[in-house]
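The values are calculated or read from the model by the stated rules, or taken from the named source; none is laboratory data. Computed from a prediction, not measured in an experiment: that's the story for all the values here. Neighbour counts are summed over all protein chains in view; Cβ atoms, including those assigned to glycine, are modelled from backbone coordinates with ideal geometry. Protein only, heavy atoms only, side chains kept; ligands, DNA and RNA dropped before computing areas. Shrake-Rupley method; radii C 1.70, N 1.55, O 1.52, S 1.80 Å.
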Amino acid sequence: ELSKATRCVYSLSLRASRAHLLHSARALKFLRERNLIHRDIKPQNLLLKPPSAEEIARGHPLGVPILKVADFGFARSLPNAMMAETLCGSPLYMAPEILRYEKYDAKADLWSVGAVLYEITVGKPPFRAQNHIELLKKIDRTKNIKFPDEDPATLEKDPDLKPVPSDIKKLIRSLLRQFPAERSSYEDFFKSNALA
């Protein structure tokens, strides 16, 4: 069953989801410019606040809250050439290299953004399991991320299921690559059509 916060985020319009993706990208850009990684990006650490009159005057869409990234308790400085090896974060949104106890870099945050974006658009995390070992096995067995609107059985059960736009699917798939070397770079993430 989806948590109350997740159901709230999932019920957002596509316009709001895209706005939240843009806010997340801005937060990541801010962190990368300072050589920081968050290491615990998850729905519970994404706060929504109503836009101010000034933000609306600057063009922020009416009725769409502003997303703020919170809880920097696990954040740390990590210049581009460095690797980290501490296990921290929330397993459902944790990059597989962290689950494997391997060294990792800032691309671990990109995995987490991909997992959160999947949940925002689909209504559930891309991978679920009872523990991090099972979770890693599920990730390892997955060759390509599937979306409910690509499954004929799901569409038969729920003919009103709204499809996930192809540019967002492409972005999620580029972020949820099992191996960091195959995962989207920050530069490609920031240039994504989904952020246009």
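Restricting Leu161, Leu171 to residues that are under 14 Å from the mean Cα position of the chain (by Cα) and closer than 23 Å to Arg15 by Cα narrows the list to Leu171. Taking segment 75-103 as the range and being at pLDDT 85 or above and either over 12 Å from the mean Cα position of the chain (by Cα) or among the polar types (S, T, N, Q) (or both) as the test, the residues that pass are Pro96, Glu97, Ile98, Leu99, Arg100, Tyr101, Glu102, Lys103.
Which residues, taken from segment 161-185, are more than 17 Å from Glu97 (Cα to Cα) and either crowded, with 17+ Cβ neighbours inside 10 Å or among the polar types (S, T, N, Q) (or both)? The answer is Val164, Ser166, Ile168, Lys169, Leu171, Ile172.
Going residue by residue through segment 135-147, is there one that turns out to be at pLDDT below 95, among the β-branched types (Val, Ile, Thr) and surrounded by fewer than 16 Cβ atoms within 10 Å (Cβ to Cβ)? Yes - at least one qualifying residue is present in segment 135-147. Each residue in segment 88-121 was checked for being open to solvent by less than 20 Å² (accessible area, probe 1.4 Å) and without any contact (Cβ under 8 Å) to a residue 60 or more places away in the chain, and 6 of them qualify.
From the set of residues in segment 14-62 that are small (Gly, Ala, Ser) and surrounded by 12 or more Cβ atoms within 10 Å (Cβ to Cβ), which is farthest from Pro125 (Cα to Cα)? So that I can check it myself, show each step before the final result.
Kept after step one, since they are small (Gly, Ala, Ser), are these residues of segment 14-62: 16-17, 19, 24-25, 27, 52-53, 57, 59.
Narrowing the set further to residues that are surrounded by 12 or more Cβ atoms within 10 Å (Cβ to Cβ) leaves 16-17, 19, 24-25, 27.
Working: Ala16: 19, Ser17: 15, Ala19: 20, Ser24: 17, Ala25: 19, Ala27: 21 Å.
Step by step, filter segment 14-62, then rank; the result is Ala27.
Please specify each residue of segment 30-55 satisfying the condition of being closer than 17 Å to Ala70 by Cβ and not in a loop (DSSP other than H, G, I, E, B). Within segment 30-55, Phe30, Leu31, Leu36, Ile37, Pro43, Gln44, Asn45, Leu46, Leu47, Leu48, Lys49 qualify.
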